[in-house]
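All remarks here apply to the structure that follows.
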């Protein structure tokens with residue numbers, strides 16, 4: 001989790017990924033929709049590109065202008081963004097800003113399910129089995 005947060009665990013980074021997921025690919029539009037200062041947005045785009053979350057594509061040669069597209073790794077963040085958006089609606093005072101429509105035509109009711117049994121995953125129904133030697137739920141061992 002810490003490694004993932006190193007890449008996307010900052011407000012502007014998540015908002016960039018949101019915009020790219022929604023089909024906004026050009027710098028000016030991303031800046032306008034996120035409200036990010038241009039210098040911060042430039043830095044976040046560079047770091048997300050270096051991390052393999054997005055790629056920069058030339059769309060105009062003179063002057064050089066680029067658009068940004070999610071890589072397969074970046075596209076994997078879409079369900080996380082949806083979950084964060086739904087969490088925000090339920091647990092903050094912000095009103096719902098959008099409704100999400102699934103390909104089937106229904107308003108999305110996001111559920112997390114186990115690929116093996118199909119059961120709903122709530123988080124309280126899973127246990128962690130650490131693969132890191134010396135780590136325990138009570139803290140690291142000596």
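State the label only: which of (i) 15.5, 42; (ii) 18.5, 60; (iii) 17.2, 51 corresponds to Rg and Dmax of the Cα atoms in Å computed from the shown model?
(ii)
For the stretch 2-78, what class follows from the C-alpha gyration tensor (a ≥ b ≥ c being the square roots of its eigenvalues): rounded when a/c is under 1.5, otherwise prolate if a/b is larger than b/c, else oblate? Working shown, then result.
Details: a/c = 1.68, a/b = 1.40, b/c = 1.20.
Prolate shape, in that a/c is at least 1.5 and a/b is the bigger ratio.
Sort 6, 39 so the one with the fewest other Cβ atoms within 10 Å of its own Cβ comes first.
On the way: 6 11, 39 8.
With the sparsest Cβ surroundings first, the list reads 39, 6.
Could you check which residue among 64, 19, 76 shows the biggest mean-square fluctuation in a GNM of the chain with a 10 Å Cα cutoff?
Among 64, 19, 76, the largest GNM mean-square fluctuation belongs to 64.
Report, in whole Å, the centroid distance computed from the Cα atoms of the stretch 1-76 and the stretch 88-142.
Between the Cα centre of the stretch 1-76 and that of the stretch 88-142, the gap is 24 Å.
Add -39500 (n - 2.57) for each DSSP H run of 4 or more in the chain, then divide by its residues: what number comes out at 222 nm, to the nearest 500 deg cm²/dmol? Let's see the in-between values first.
On the way: 6 runs with 57 residues, N = 142.
So the calculated ellipticity at 222 nm is -11500 deg cm²/dmol.
Pairing the Cα long axis of helix 38-50 with the longest principal axis of the chain, what angle in degrees results, from 0 to 90 and rounded to the nearest 10?
60 degrees
Which residue, 16, 53, 121, tops the fluctuation ranking in a GNM of the chain built on C-alpha contacts under 10 Å?
Residue with maximal mean-square fluctuation among 16, 53, 121: 121.
Please check: in the Gaussian network model of the chain (C-alpha springs, under 10 Å), which one of 84, 131, 20 has the largest mean-square fluctuation.
131
Here, each number is a calculation from the coordinates, and none is a lab measurement. Since we're looking at a predicted model, the values are computed, not measured. Here the Cβ is made from the backbone with ideal geometry for all residues, glycine too, and neighbour counts use every protein chain on show.
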